[in-house]
Amino acid sequence: MKYAKIIVNISHENLDKTYEYAIPEEWETYAVIGAQVLIPFGARNRQIKGFILGITRNPEFPPERIKSIIKLIMDGTVIEGHFIQLATWIRTQYGSTMNDALRTVLPVKKTVKEQKEQYLHRIIDRERLFEYMEECERKHYTARYRLAATLEEQEVISYKEALEELNISRDVIRKFVDLGIISISSRRQYRNPIKEQMQIEKKIILTPKQQQISDEIWQEYQSGIRNTYLIRGVTGSGKTEVYFDIIERVVKDGKQVIFLIPEIALTVAMVERFHQRFGERVSVLHSKLSDGERFDQYERAKAGELDIMIGPRLALFTPFLELGLILLDEEHEPSYKSEAPPKYHAREVALQRAKMCNASVILGSATPSVESYYKAQCGEYKLFTLNERVGESRIPDISIVDLRKELKARNFSIFSRSLREKIQERLERKEQILLFLNRRGYAGFISCRQCGFVLECPHCQVSLTEHNNGKMMCHYCGYEIIKPSICPSCGSKYIASFGTGTQKVEEYARKEFPNAKILRMDRDTTSRKGAYEEILKAFERQEADILIGTQMIGKGHDFNNVTLVGALAADLSLFANDYRASERTFQLLCQVAGRAGRRERHGEAVIQTYQPEHYSITAAKKQDYEEFYQQEITYRKMLQYPPLGHLLAILLVSLDEKQVEKASILLTEAAKEKMGEKVIGPANAYHYRLKDRYRKVIYLKESDLEVLLEVKNYLEGFVDYSNYFQKINVYFDRNPLTMY
Ligand code: ADP
Ligand code: ZN
Ligand code: ZN
């Protein structure tokens, strides 16, 4: 006998609460996770609907006390059932509780009020209305006359308008109803987060290359083929116009579309563009909306009032009933991965959702993730490329400056001689400059400023990280050495961690260019709501000459007057202690260089680096994705890093240092039993002690995903049943984007 765990009320308050019911034999084949069922509930066996959340042969309740499912409800897919299936998939793929997985995929069901709007409808003909107006005139009923006259012009007016604009009392409106002049209807009014109404943009004629991409995808779509497509095209090559063309076709076919963007900061500009093109049936979902706004967008989607949903990760779970297409713009962006459990990747979940509801997926990027490009090379995705920018603007000239030579020439400034000269030139010509400092993910590495040498782990080929105990350490395997005081490669004493932040850069810049107006954009200056947009707008209005910032300045905005971009220490991200360091460096440099000379003016980019010969830098100089990819995939193959293998990080966190130590050893042993030497660690996490908790990390490397997931399931069970893990939180992260 099989038993089903059934959830009867999908609301955020009690997602965990399930009830066990026996599955009658005749329904067994249909009783799958996500299926909708009718069950007898409570003492009086009231018949209610529920969803199957899990199936087991070993119920927790005594079997004789378990009631039976009455029947399965078979009429069509119910969106909640679909999302329960998706949550189950997410749970097994990424490791999390079912509750967390359900919270991720299911729409908020907070108690928000529906907004209703009432309307007055004229139900008599105009002849009779005229008669009534005459009567009002005779009797000097001015308010009634006003209302009647308006109804003469418009058959329907809103209740609110009548009250507020015509200044009619509720009594008068009631009188009109009593007299049979009007009837009142009410309609659900959705909150609409898109405020402005803009006119429709004139239609663009696609270039033959753009048209060919759209046509090819559409032809497959029409003949029932659902595929994943990767469009690689430099910024400004017209990818978005291709998306629009296909979206239009899919929407005309009566299907819905989800368009994912990596960050909320980019929504405003994108939504504007969509709105111009597609009008009212476009909406947006993101975490900054109010509960009411968010709830209403789900409702609009379900009610069939929308064709297109735009937004970051979260928008992926829009309850469209006839989803035809999912697009991910800038598919390589790390923000597509969730940082909270379940640590899912939106690209992978998009592919899964598309598979479940027979939709196609389009991925787009100027610098695709190595994973996606690899899949395109293997034929799993269909690849299209757009190599040229549309119109006049050209790819900027990019030059590389070797910072080691600057040191030799006794230039200790953060600006190389050539960059300084170029900045000066631009300042004189009243053109603008972007200075970019790459600050993410390189904390703690040390390098030699004379020769560029960086300490690496001999086993993992990632850079070692400095600890305050004077040691250098690998965060994959725990390998450590004493921190050297002179460079092991050239003997120089200029070996230290690179400690310059944006604030320091600003100070230096003010000193070197005292007459320049400078703006800075980083976490500090953008923490206030709206500050990000303000800084960008101010720079756009040319209220400053130089904008200094981190990755934030690399995206989205078009600055007409920027003709010089400087990457101050391009290779910093290269030393991040994880295997994606080169990939991220290449992507960032391409993106940043692309900011120069977007329109008619020709732009220039200067990349300063200690490692001018590194392939991610030389390839970025040529803007040659292919060259970068070939090098990178060789490295990944050699060390079995994704996409060739899969990496599972297991993080153990506890207040008790001894216990977490012990538990991490036990878990490592358990893992080794299953997969031997493919288990790396345990090691101290980079932030070993965080908020008073101790953190240990274990990595599993395995080429077969199925095998890895099996081991993960085994370990999850191990953690659940072992006494050693009671005071320890264990988190799983597959193909992590950050190192622990
Ligand atoms: P991407 O998404 O690759 O960055 P976009 O689609 O945004 O590129 O195109 C860049 C600019 O070129 C936009 O202003 C867009 O309107 C314009 N554009 C794209 N394709 C065409 C075309 N076929 N004809 C005219 N303008 C185009
Ligand atoms: Zn050296
Ligand atoms: Zn190592």
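The values are calculated or read from the model by the stated rules, or taken from the named source; none is laboratory data. Quantities reported herein were computed from a predicted structural model and do not represent experimental measurements. Every residue, glycine among them, receives a Cβ derived from its backbone with ideal geometry; neighbour counts consider all protein chains shown. Protein only, heavy atoms only, side chains kept; ligands, DNA and RNA dropped before computing areas. Shrake-Rupley method; radii C 1.70, N 1.55, O 1.52, S 1.80 Å.
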**Request:** Go ahead and collect, in residue order, the members of region 167-188 whose backbone nitrogen is under 19 Å from a label point 7 Å along the Cα-Cβ direction of ILE123.
**Result:** 170-188
**Message:** To the nearest 20 Debye, how big is the dipole of region 337-454 about its Cα centre, given +1 on the beta carbon of each Lys and Arg and -1 on that of each Asp and Glu?
**Reply:** 360 debye
**Item:** Nearby lysines by direct alpha-carbon distance to LYS422 (threshold 25 angstrom, same-chain neighbours under 8 apart not counted)
**Value:** LYS405, LYS408, LYS430, LYS504, LYS511, LYS517, LYS537, LYS555, LYS621, LYS622
**Message:** Of PHE718, GLY645, PRO208, which is farthest towards the positive pole of the chain's charge dipole, taken about the Cα centre with +1 and -1 on the beta-carbons of Lys, Arg and Asp, Glu respectively?
**Reply:** PHE718
**Request:** Tally up the carbon and sulfur contribution to the accessible surface of the chain as a whole percent, 1.4 Å probe, everything protein left in place.
**Result:** 47 percent
**Projected label distance in nm at LEU383 and VAL78, using a 7 Å step from Cα toward the beta-carbon** = 4.5 nm
**Request:** Under a cut-off of 14 Å between alpha-carbon atoms, report the aspartates and glutamates in cross-link reach of LYS203, not counting same-chain residues fewer than 8 places apart.
**Result:** GLU241, ASP245, GLU248
**Options ALA269, SER185, ALA376, ranked by Cα towards positive dipole end of the chain, top entry (Cβ charges)** = ALA269
**Considering only the chain, percent of DSSP beta bridges that pair antiparallel, nearest 5** = 55 percent
**Fill in**
Taking the dipole of the chain about the Cα centre (Lys, Arg +1; Asp, Glu -1; charges at Cβ), the one of VAL156, THR634, GLY42 that reaches farthest to the positive side is THR634
**Prompt:** Under 15 Å from a point 7 Å along the Cα-to-Cβ line of LEU705: which residues of region 79-108 have their amide N that close?
**Reply:** 89-95
**Asked** Contour minus end-to-end for ARG281 and ASP397, with contour as 0.36 nm per residue of separation and end-to-end as the Cα-Cα distance?
**Response** 37.6 nm
**Proximal lysine pairs, region 663-717, alpha carbons under 25 Å, eight or more residues apart or interchain** = 11
**Prompt:** With +1 on each Lys and Arg Cβ and -1 on each Asp and Glu Cβ, how big is the dipole of the chain about its Cα centre, in debye rounded to the nearest 20?
**Reply:** 1520 debye
**Message:** Below 10 angstrom from the Cβ of ALA359, what's the summed charge of the other residues (Lys, Arg +1; Asp, Glu -1)?
**Reply:** +3
**Asked** How large is the helix-only mean residue ellipticity at 222 nm for the chain, computed as the sum of -39500 (n - 2.57) over DSSP H runs with n ≥ 4, divided by its residue count, in deg cm²/dmol to the nearest 500?
**Response** -10500 deg cm²/dmol
**Item:** Within region 582-740: Cβ-based charge dipole about Cα centre, in debye rounded to nearest 20 (Lys, Arg +1; Asp, Glu -1)
**Value:** 560 debye
**Message:** Calculate log10 I(q)/I(0) of region 357-420 for q = 0.20, 0.21 Å⁻¹, where I(q) comes from the Debye formula with a single equal point scatterer on each Cα and nothing for solvent.
**Reply:** -0.86, -0.90
**Message:** No partner Cβ under 4.7 angstrom, meaning no disulfide-compatible partner by this rule: which Cys of the chain qualify?
**Reply:** CYS136, CYS357, CYS378, CYS477, CYS590
**Request:** From the C-alpha gyration tensor of the chain, pull out the three semi-axes of the equivalent ellipsoid (sqrt of 5λ each), sorted largest to smallest, in whole Å.
**Result:** 51, 40, 24
**Request:** Between ASN713 and LYS2, take the C-beta separation as r, use R0 = 25 Å, and let me know the FRET efficiency to the nearest 0.05.
**Result:** 0.80
**Message:** Checking the cross-link filter: which lysines have an alpha carbon closer than 24 Å to that of LYS160, excluding same-chain neighbours under 8 positions apart?
**Reply:** LYS113, LYS116, LYS175, LYS195
**Message:** Let's test the formula: R0 of 51 Å, r as the Cβ-Cβ distance of ILE225 and LEU166. What FRET efficiency results, to the nearest 0.05?
**Reply:** 0.35
**Extension reserve of the ALA531-GLN424 stretch, reckoned as 0.36 nm per residue once the Cα distance is removed** = 35.7 nm
